[in-house]
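Engineer: Here it is, the structure, as structure tokens.
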Amino acid sequence: MLTIYNDQHVLHQGKVEMFRGELVPCFEVPARVDHVKSELERRGLGSLQAPDAFDESLLAKVHAPRYLDFIAHAWDEWVALDPANATRDALPSYWPTRGMRSDVLPKSFPARMGLFSFDAGTPLMAGSWAAARHGAACAWTAARRVIGGERSAFALTRPPGHHAGADFFGGYCFLNNAAVAAQALRDAGVERVAVLDVDYHHGNGTQAIFYERDDVHFASLHGDPLTDYPYYLGHADERGAGRGEGFNHNLPLPRGTDFTAWRAALKTALARIAEVKAGALVVSLGVDTFEGDPISGFKLRSDDYLRMGEDLARAGLPTVFVFEGGYAVAEVGVNAVNVIEGFGQF
Ligand SMILES: NCCCCCC(=O)NO
Ligand SMILES: [Zn+2]
């Protein structure tokens with residue numbers, strides 16, 4: 001399988017994140033992608049390419065211009081607040097909640113950090129914008145290769161993207177790579193695209209971006225938001241709105257779910273994707289469903305990812321894989337590449 005690799009991902013390297021009430025070293029580290037790249041090369045699974053030159057205006061098809069403008073300049077504003085900030089990651093501390101306003105753009109940078117985010121777990125640093133923008137270019141390029149006739153392509157990138165909404169970052173995500181890929185497929189004439197999110201965490205950003213649209217069907221298998229991040233979206237009764245009614249499909253699963261139960265949910269999601277007659281598939285490929293993942297709660301084992309790849313291939317759709325989560329760093333390469341290998345063998 002062709003892989004489009006974000007060689008600028010190393011520019012994004014957070015020091016700390018707020019996790020369960022304390023600042024801890026980041027889980028979302030560069031080594032994650034290095035392990036996947038090494039495993040792809042070790043198995044000789046296809047070639048690695050750099051992304052095509054990317055027209056940033058494409059980002060405005062899934063993200064709000066005022067958000068993009070904020071993210072692009074956030075680091076400079078952070079350092080302008082206090083030169084000592086140059087050695088610190090930018091993290092938000094204040095957020096608008098019920099009854100407060102988000103239509104007015106505050107002058108305060110810390111206030112805008114909160115307006116455009118939903119957690120304090122997503123540090124922003126000098127190279128974050130460049131890394132995220134290049135990652136979106138990888139997702140867009142992978143979609144273009146599939147449009148050009150490749151059966152599948154893999155956007156190997158970080159930071160991940162599925163928690164990023166039109167105008168907010170969070171969950172280690174700044175730009176929604178899967179949404180960029182889906183929009184690229186739509187722009188190329190695919191009448192309906194399915195985005196299937198197999199990451200442990202619900203892709204709240206992707207859901208929100210397409211929630212009122214019937215041309216992109218969103219399906220997600222994930223830890224039940226009653227117990228698991230992102231907590232405030234991902235319930236089964238969220239089925240889409242307006243034209244999008246019926247084109248959002250959440251399958252929350254309890255902590256402790258093993259591959260047998262998980263695979264049954266995947267079958268249900270794929271059956272619905274066939275029913276809505278999707279012409280192409282974007283897979284938000286997180287492997288934090290792994291039993292050894294430090295921040296998640298499913299029980300998938302490494303060999304299960306080979307089966308997952310086979311099941312995804314059986315859908316018989318042109319497929320773009322976009323790398324999302326997975327924090328058991330020693331095993332993330334094997335697990336992610338098992339999906340790619342399983343898909344390609346079928
Ligand atoms: N900091 C709270 C947990 C963030 C989850 C990130 C992730 O893996 N999303 O898929
Ligand atoms: Zn995740």
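Engineer: Under 8 Å for C-alpha pairs, at least 6 residues apart: give me the relative contact order for the chain, rounded to a whole percent.
Structural biologist: Details: 785 pairs, mean separation 63.9, N = 346.
Relative contact order here is 18 percent.
Engineer: Quick one: 3J(HN,Hα) in Hz for region 332-346, Karplus 6.51/-1.76/1.60 with θ = phi - 60°, rounded, Gly and Pro as x.
Structural biologist: Calculated HN-Hα couplings, in order: 4, x, 4, 5, 5, 6, 4, 5, 4, 5, x, 5, x, 6, 6 Hz.
Engineer: Have a look at 329, 33, 79 and tell me which one the Gaussian network model of the chain (Cα, springs below 10 Å) gives the largest fluctuation.
Structural biologist: 79
Engineer: Shifting gears a bit: Which entries in the list 61/299; 15/267; 37/277; 15/37 go over 28 Å, if you measure between the two C-alpha atoms of each?
Structural biologist: Working: 61/299 37 Å; 15/267 39 Å; 37/277 33 Å; 15/37 23 Å.
Those over the limit are 61/299; 15/267; 37/277.
Engineer: State to the nearest 20 debye the size of the charge dipole of region 113-191 about its Cα centre, where the only charges are +1 on K and R beta carbons and -1 on D and E beta carbons.
Structural biologist: 260
Engineer: Check which residues have an amide H placed less than 5 Å from residue 283's amide H, if you skip close sequence neighbours.
Structural biologist: The answer is 196, 320, 321, 322.
Engineer: Could you work out how far helix 304-314 tilts from the main Cα principal axis of the chain, as a 0 to 90 degree angle to the nearest 10?
Structural biologist: The angle comes out at about 70 degrees.
Engineer: Additional query: Can you tell me the 0 to 90 degree angle between the C-alpha axis of helix 259-275 and the longest principal axis of the chain, rounded to 10?
Structural biologist: With both axes taken from Cα atoms, the answer is about 90 degrees.
Engineer: Non-local amide H neighbours of residue 117 (under 5 Å, H modeled in plane, Pro and chain starts lacking H): which ones?
Structural biologist: Amide H neighbours of residue 117: 169.
Engineer: Let me ask you something else. Hey, got the dipole for region 55-158? About the Cα centre, +1 on K and R Cβ, -1 on D and E Cβ, debye to the nearest 20?
Structural biologist: Details: 12 positive and 10 negative charges, 69 e Å.
Using Cβ point charges on Lys, Arg, Asp and Glu, region 55-158 gives about 340 debye.
Engineer: Right, here's the next one. Taking the Cβ of each residue in 128, 284 as the centre, tally the other Cβ atoms inside 10 Å and list the residues starting with the fewest.
Structural biologist: Working: 128 23, 284 30.
If I rank by nearby Cβ atoms, fewest first, I get 128, 284.
Engineer: Then there's this: Compute the distance from the alpha-carbon center of region 49-95 to that of region 176-223, in whole Å.
Structural biologist: After rounding, the separation between the Cα centres reads 23 Å.
Engineer: Here is a follow-up. Do you know the relative contact order of region 196-312, to the nearest whole percent, from alpha carbon pairs under 8 angstrom that are 6+ apart? Mind showing how you got there, number by number?
Structural biologist: Values: 207 pairs, mean separation 33.0, N = 117.
Averaging sequence separation for qualifying contacts and normalising by length gives 28 percent for region 196-312.
Engineer: With θ set to phi - 60° and the Karplus curve 6.51 cos²θ - 1.76 cosθ + 1.60, what are the ³J(HN,Hα) couplings of region 167-177 in order, to the nearest whole Hz, using x for Gly and Pro?
Structural biologist: These are the phi-based 3J(HN,Hα) values: 9, 8, 10, x, x, 6, 10, 10, 10, 8, 4 Hz.
Engineer: Give the order of 61, 299 when sorted by the count of other beta carbons within 10 angstrom, beginning with the fewest. Write out the running numbers ahead of the final one.
Structural biologist: Numbers: 61 13, 299 19.
Exposure proxy ranking, most exposed first: 61, 299.
Engineer: Using every alpha carbon pair in region 184-317, what percent of pairs falls into each 10 Å bin from 0 up to the bin containing the largest distance?
Structural biologist: 13, 46, 33, 8, 0
Engineer: Against the longest alpha carbon principal axis of the chain, how many degrees, from 0 to 90 and to the nearest 10, is the axis of helix 128-147 turned?
Structural biologist: 30
Engineer: Based on DSSP H runs of at least 4 residues, each adding -39500 (n - 2.57), what is the mean residue ellipticity at 222 nm of the chain after dividing by all its residues, to the nearest 500 deg cm²/dmol? Walk me through the numbers before you get to the answer.
Structural biologist: Details: 9 runs with 120 residues, N = 346.
When only DSSP H runs of four or more count, the value is -11000 deg cm²/dmol.
Engineer: Calculate, axis by axis, the spread of Cα positions in region 52-141 along the three principal axes, and write the results as whole Å, longest axis first.
Structural biologist: Cα spread of region 52-141 along its principal axes, largest to smallest: 40, 33, 22 Å.
Engineer: In bins 20 Å wide, starting from 0, what share of all Cα pairs of the chain does each bin hold, as a percent?
Structural biologist: All Cα pairs considered, the percentages come to 34, 60, 6.
Engineer: Something else about it: Of 149, 188, 271, which is farthest on the positive side of the dipole of region 148-287, counting Cα position, with +1 on Lys and Arg Cβ, -1 on Asp and Glu Cβ, and the Cα centre as origin?
Structural biologist: Projecting each Cα onto the dipole axis, the largest value belongs to 149.
Engineer: So, with +1 on the Cβ of K and R and -1 on the Cβ of D and E, and no other charges, what is the size of the charge dipole of the chain about its Cα centre, to the nearest 20 debye? Numbers along the way, then the final one.
Structural biologist: Working: 32 positive and 43 negative charges, 71 e Å.
Once rounded to the nearest 20, the dipole reads 340 debye.
Engineer: Scaled to the compact-protein estimate 2.2 N^0.38 Å, what is the alpha-carbon radius of gyration of region 281-346, rounded to two decimal places?
Structural biologist: Working: Rg = 11.3 Å, N = 66, 2.2 N^0.38 = 10.8 Å.
In units of the 2.2 N^0.38 Å rule of thumb, it is 1.04.
Engineer: Here's a follow-up. Would you work out the relative contact order for region 262-346, in percent, from Cα pairs under 8 angstrom that are 6 or more residues apart? Walk me through the numbers before you get to the answer.
Structural biologist: Values: 117 pairs, mean separation 31.6, N = 85.
It comes to 37 percent, rounded to a whole number.
Engineer: Looking at 223, 330, 177, which one has the Cα that reaches farthest to the positive end of the dipole of the chain (charges on Cβ: Lys, Arg +1; Asp, Glu -1)?
Structural biologist: Result: 177.
Engineer: Would you mind ranking 68, 285 by Cβ crowding within 10 Å, fewest neighbours first? Intermediate values should be presented prior to the final figure.
Structural biologist: Details: 68 22, 285 32.
Neighbour counts put them in this order, fewest first: 68, 285.
Engineer: Another question, if that's okay. Give, as a single signed number, the net charge of other residues whose beta carbon lies under 13 Å from the beta carbon of residue 280, with Lys and Arg counted +1 and Asp and Glu -1.
Structural biologist: +2
Engineer: Here's something else I'd like to know. Assuming 0.36 nm per residue, please report the length gained on full extension of the stretch residue 77 to residue 166 beyond their Cα-Cα distance.
Structural biologist: Gain on stretching residue 77 to residue 166: 29.9 nm.
Bear in mind that the values in this text are calculations on the coordinates, not laboratory data. In this text the structure is predicted, and so the values were computed from the model without any measurement. All Cβ positions, even for glycine, are placed from backbone atoms using ideal geometry, and neighbour counts span all protein chains on display.
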